[in-house]
Amino acid sequence: MDFITPEWAFNRRREFMKGGILAGLGAYFSRYAWSAASDLKFKKNGDFQSVPSNHPLTVEKYALNYNNFYEFSLDKDEVAKKVEGWKLHDADWSLDVSGLVKKPKKWKLADVLQFPLEERIYRLRCVEAWSMVLPWIGFPLSHWIKEMQPDSSAKYVRFTSLGDSKVMPNISSLPDYPWPYTEGLTIEEARHPLTLIAVGLYGKKLAKQNGAPIRLVVPWKYGFKSIKSIVKIEFTKEQPSTLWNRLAPKEYGFYANVNPEVSHPRWSQASERVIDGGFIPKRIPTLKFNGYEKDVASLYQGLDLTKNY
Ligand SMILES: Nc1nc2c(c(=O)[nH]1)N[C@H]1C(S)=C(S)[C@@H](COP(=O)(O)O)O[C@H]1N2
Ligand SMILES: [Mo]
């Protein structure tokens with residue numbers, strides 16, 4: 001395993017420590033230092049900082065301008081522009097937790113932000129065979145699930161995005177899509193320590209195009225599982241339906257684990273294009289479970305990954 005210290009993080013850390021009496025202590029406690037240089041407080045170098053091989057961090061402007069957010073546009077370069085009309089007020093955001101839980105609850109965003117935040121650098125592999133390496137800020141979903149107190153009968157978790165046609169132009173333009181965007185995980189996947197609720201990226205609050213104010217990040221699965229702008233979480237007994245699975249069940253299964261050995265019906269998943277702004281496309285081999293095999297393979301023991309794609 002290689003550990004990457006991106007240059008932007010290194011510079012920010014230096015700024016933070018410059019001239020401070022914390023400098024000496026900072027070097028020793030840097031693992032536990034809280035960032036002062038942003039509007040989010042988070043622990044640097046959270047767990048699972050490692051990425052499976054030495055892939056450099058994606059340049060921030062690509063992560064902010066090459067987006068899949070179908071509610072706004074099918075054109076990745078257009079999403080950042082189309083979100084401008086969305087007046088998002090964090091104070092008005094709430095998230096419903098319901099289904100098989102001891103007590104259904106409406107969470108205010110401010111309450112969600114009480115969980116200790118940490119930075120995690122994860123690889124993102126889109127099902128369309130491109131990839132990035134992104135420094136998320138968030139907390140493990142498992143910490144939140146503990147407070148949600150699901151019943152023992154809960155076997156799955158279903159997530160729902162905002163589906164507001166007043167701000168999301170494609171909700172009306174694509175009437176055949178089963179909006180709002182929904183996704184799902186088994187409860188074991190949801191509780192896995194790698195599964196993150198993200199509220200920030202590159203040291204700052206999430207940009208709208210990246211799924212503000214709160215999204216899921218499941219790094220060993222294709223990017224479409226990492227649902228953006230979540231307004232509802234439900235615990236269910238049955239495997240929940242998901243937007244992509246309903247639209248094209250032969251192409252997008254419930255599991256959607258990154259797997260170079262199982263092709264998409266229309267293209268190979270054996271390699272991926274690195275989003276680096278380069279003129280000449282750079283392709284690298286795709287890794288099983290996106291490189292997180294050692295961490296997650298045990299979740300799928302005995303499961304036929306060709307059938308359960
Ligand atoms: N609500 C919603 N969530 C979504 C999507 C979407 O269209 N709508 N696209 C998914 C896909 S296909 C990918 S690859 C990632 C992209 O996240 P990013 O734009 O922050 O890199 O978001 C996922 N989450
Ligand atoms: Mo994707």
Margin query: Would you confirm, using the coordinates I've provided, whether residue 258 is surrounded by 23 or more Cβ atoms within 10 Å (Cβ to Cβ) and within 15 Å of ligand 1 (Cβ to nearest atom)?
Written below: yes
Next item on the list: For residues that are of a type outside the set (Gly, Ala, Ser), within 15 Å of ligand 2 (Cβ to nearest atom) and in contact (Cβ under 8 Å) with a residue 60 or more places away in the chain, tally how many sit in region 200-243.
Entry: 13
Notebook entry, point to check: Somewhere in region 151-168, is a residue in a strand (DSSP E or B), among the basic types (Lys, Arg), touching a Phe, Trp or Tyr at 6+ places or on another chain (Cβ under 9 Å) and surrounded by 13 or more Cβ atoms within 10 Å (Cβ to Cβ)?
Noted result: yes
Check: Among the residues of region 85-137, which ones are outside any loop (DSSP other than H, G, I, E, B) and free of Cβ contacts under 8 Å to residues at least 24 places away in the same chain?
Finding: 91, 92, 106, 107, 108, 110, 111
Check: Given the conditions (1) open to solvent by 20 Å² or more (accessible area, probe 1.4 Å); (2) out of contact with any Gly (no Cβ under 6 Å at 6 or more places or on another chain), and given that residue 186 satisfies all but one, which numbered condition is not satisfied?
Finding: (1)
Note to self: Looking for something part of a loop (DSSP other than H, G, I, E, B), of a type in the set (Ser, Thr, Tyr) and either more than 14 Å from ligand 1 (Cβ to nearest atom) or open to solvent by 50 Å² or more (accessible area, probe 1.4 Å) (or both) - is there at least one such residue anywhere in region 205-223?
What the structure shows: no
Notebook entry, point to check: Somewhere in region 127-147, is a residue hydrophobic (A, V, I, L, M, F, W, C), closer than 30 Å to residue 273 by Cα and more than 16 Å from ligand 1 (Cβ to nearest atom)?
Noted result: yes
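The values are calculated or read from the model by the stated rules, or taken from the named source; none is laboratory data. Source: prediction; values computed, not measured. Glycine also receives a Cβ, built like all others from the backbone with ideal geometry; neighbour counts cover every protein chain displayed. Remember, those area values only see protein heavy atoms, side chains included, never the ligands or the DNA or RNA. Shrake-Rupley method; radii C 1.70, N 1.55, O 1.52, S 1.80 Å.
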